[in-house]
Amino acid sequence: MEDRLARVEARLEALARALEDVSGRLVALESVARGEGATQRPAPPPAVPAAVPPVVPATAATVLPLLGRVFLVLGGAWLLRALTDAGTLPLAGGVTAGLAYAGVWLVLADRAGAAGRRWSAEVHGVTATLIAFPLVWEAATKFKVLSPAAAAAVLAVVAGGGLVVAARRSLAALAWAATLAGLVTAIALIAATHAIAVFAALLVALGVATVWLAYARRWFGLSWMAALVADLAVAGAVALVTQAGGPPETYRDLSTAAVEAVALALLVAYLATFAVRTLLRRRDASVFEAVQTVAALLVGFGGAAEVSRATGTGGIALGVAALATGAACYLIAEAGAAGRVGRGVNYVFYSSLALVLVLAGTPLVAASATRSALWCGLAMGGAVLGCRLDRPVMRAHAAAYLVAAGVVSGLLPFAVGAFVAAPASPADAGPTALWLTLATSMACYAALAVLGRRGDVSWPTRLPELVVAVVAALGVGGALVLAGARLLPLHEGAPDPAAMATLRSIVLAVTALGLAAAGRRAGREELVWLVYPVLALGGLKLLAQDVPQGRPDTLVLSFARKAPGRRTIGGDPNADRGATRVTVIPLRRTRLWYQLSFTLQSPLVEGSSPTNSTGSPLAAAVRL
């Protein structure tokens with residue numbers, strides 16, 4: 001039957017060539033009749049390369065025989081299975097014969113694709129897949145002739161052979177069949193054999209293979225699916241070896257070293273693949289590459305770090321490797337990925353990868369104080385270089401490093417706690433690291449304000465300055481609250497709550513005034529933006545903290561801070577309509593606000609009365 005089909009296809013090709021020749025002759029005769037000359041001949045159609053033969057379309061006459069051939073092929077596979085079950089063939093011999101039988105049809109699929117018989121090639125390849133993958137599963141689980149490692153190796157050969165033929169002959173159905181069958185078989189073998197590390201490594205290799213196949217044939221759906229399964233398999237292995245009490249009884253043979261190696265293999269394999277495409281081939285990073293890089297960092301590097309932490313070994317080496325790789329990514333970004341120095345998708349891709357690696361690797365090699373000092377240095381360097389070299393991404397990295405340093409040094413928790421809880425001494429969070437981070441935040445903002453671009457700048461480019469200003473303002477505000485708390489009278493060993501509430505309100509008011517004045521005088525729009533949230537927080541704090549905890553003599557100052565007025569910073573409010581105006585209460589309204597504060601306070605505090613303080617209420621407020 002195969003010979004008959006080949007003869008029919010050869011006759012059809014000969015007839016097509018004859019028709020093309022007749023068409024060329026007719027065109028030549030028509031040109032002669034129009035007077036264009038008999039010597040003018042149309043250019044012959046371009047010859048089809050031998051490596052890419054013309055594709056024969058599918059018809060009912062070709063599809064029906066192919067379906068019949070599928071049943072015959074599957075019948076041959078069941079015959080081998082019956083001989084093996086009957087003992088005619090030994091188990092190992094039957095498995096080998098079945099795999100060889102599937103390999104023969106995979107070779108026939110390659111030959112049919114080379115001849116341009118696309119449908120025949122797809123059918124042969126998918127049929128070989130239906131034979132080989134279930135056979136591998138049975139050989140490892142039912143027949144027990146393949147160990148988990150051997151089953152993974154055979155599965156890799158079978159899946160790799162299918163993908164190679166699919167790539168060579170552009171057989172999309174075969175590629176999907178081989179990928180899906182490989183993923184499903186690997187997951188089934190993990191459930192049956194509990195050898196999750198071995199098959200997770202296989203899934204990583206299969207995922208990388210689908211990436212290269214997507215680069216060659218644009219089949220990106222395969223790479224998304226395979227990458228997701230590989231990430232989940234590696235994450236599951238990491239979760240098993242790091243859970244409290246160790247892995248379950250069925251996974252007692254799972255090695256932590258093997259899981260750590262697989263996690264690092266996931267990271268290295270994908271990053272190396274992406275580097276080859278973006279650097280050597282000079283292509284921009286795609287959405288898949290960005291998403292899978294994040295997933296590989298979380299699952300691969302994060303998983304390896306978690307295993308190292310659980311076992312207590314290898315953390316320093318992993319951290320040093322992460323820092324070295326991060327430095328290399330910074331150099332690659334600055335060298336100009338794809339020829340666009342400081343710009344382009346690849347610059348953002350590699351610099352962001354460097355940021356994540358540095359932030360993730362530093363905790364593995366340095367203590368908290370050293371870590372915050374290093375990040376402060378990187379923040380200062382990023383601010384200066386980002387302004388000097390006009391790198392918006394580098395300025396954003398400076399803000400990220402500063403926020404990380406603020407968290408590690410305790411500056412941000414200390415500053416937030418100073419406004420919502422009892423003020424803690426900086427010594428509790430590490431005084432040297434805290435004050436160093438505070439000084440760095442102010443120096444970073446000064447560098448960004450002085451060296452940065454002035455004039456009309458879009459708001460996204462001001463976000464790093466805004467973040468740095470927030471860190472600096474929180475730190476300064478927390479320091480002011482701490483310093484003022486030491487001057488307040490004590491109540492049961494702690495600063496008086498009513499006085500503390502008023503002190504915090506005063507600090508917020510001073511902060512709003514300072515931001516507004518500095519933003520207007522220096523032309524820094526991001527400082528003006530901060531005035532509004534500071535005023536809103538002050539209003540919420542007034543209702544949530546000052547009123548419940550305050551007394552009439554303290555509430556007068558709190559309400560005076562929020563009172564409306566007519567004076568603005570810089571003189572006439574109508575002189576500059578675009579400027580931010582911050583109000584200051586006139587003194588003549590002090591008595592009115594004191595009476596209002598007493599009225600609100602009297603139902604909240606038992607025994608409160610206008611005469612419970614010595615002398616004039618206003619005098620008591622002034623003394624405080």
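Computed values, structure above
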{"read-out": "All positions within the range 341-382 that are touching an Asp or Glu at 6+ places or on another chain (Cβ under 9 Å), small (Gly, Ala, Ser) and part of a helix (DSSP H, G or I)", "value": "Gly344, Ser351"}
{"read-out": "Failed condition for Thr313, given (1) modelled with pLDDT under 95; (2) closer than 22 Å to Ala237 by Cα; (3) open to solvent by less than 50 Å² (accessible area, probe 1.4 Å)", "value": "(3)"}
{"read-out": "Cβ-Cβ under 6 Å pairs, at least 6 apart or on other chains, the range 389-416 side aromatic (Phe, Trp, Tyr), far side surrounded by fewer than 20 Cβ atoms within 10 Å (Cβ to Cβ) and modelled with pLDDT under 95", "value": "Phe414/Ala429"}
{"read-out": "Residues (closer than 21 Å to Val276 by Cβ and of a type outside the set (Gly, Ala, Ser)) located in the range 213-238", "value": "Leu213, Tyr215, Arg217, Arg218, Trp219, Phe220, Leu222, Trp224, Asp231"}
{"read-out": "Entirely in the range 388-493, the helices (runs of 4 or more DSSP H) that have 1 or more residues that are among the polar types (S, T, N, Q) and at pLDDT below 90", "value": "431-451"}
{"read-out": "Looking only at the range 108-154, and only at residues there that are small (Gly, Ala, Ser) and assigned to a loop (DSSP other than H, G, I, E, B), the one that is least open to solvent (accessible area, probe 1.4 Å)", "value": "Gly116"}
{"read-out": "Residue match in the range 219-227 (condition: open to solvent by less than 40 Å² (accessible area, probe 1.4 Å) and within 23 Å of Arg252 (Cα to Cα))", "value": "no"}
{"read-out": "Checklist (1) touching a residue at least 40 places away in the same chain (Cβ under 8 Å); (2) open to solvent by less than 10 Å² (accessible area, probe 1.4 Å) applied to Val345, failing item", "value": "(2)"}
{"read-out": "Which numbered condition Glu122 fails, given (1) touching a Leu at 6+ places or on another chain (Cβ under 8 Å); (2) modelled with pLDDT under 85", "value": "(2)"}
{"read-out": "Qualifying residue in the range 200-216 (condition: closer than 24 Å to Ala360 by Cα, modelled with pLDDT of 95 or more and surrounded by fewer than 19 Cβ atoms within 10 Å (Cβ to Cβ))", "value": "no"}
{"read-out": "Matching residues, the range 276-290, being open to solvent by 20 Å² or more (accessible area, probe 1.4 Å), assigned to a helix (DSSP H, G or I) and in contact (Cβ under 8 Å) with a residue 40 or more places away in the chain", "value": "Arg277, Leu279, Ala290"}
{"read-out": "Boolean, Gly386 is under 19 Å from the mean Cα position of the chain (by Cα) and crowded, with 21+ Cβ neighbours inside 10 Å", "value": "no"}
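The values are calculated or read from the model by the stated rules, or taken from the named source; none is laboratory data. On a predicted model such as this, the values are computed, not experimentally measured, just so you know. Note that each Cβ is placed from the backbone with ideal geometry, even for glycine, and that neighbours are counted across all protein chains shown. In case anyone asks, the SASA skips ligands and DNA or RNA and just uses the protein heavy atoms, side chains included. Shrake-Rupley method; radii C 1.70, N 1.55, O 1.52, S 1.80 Å.
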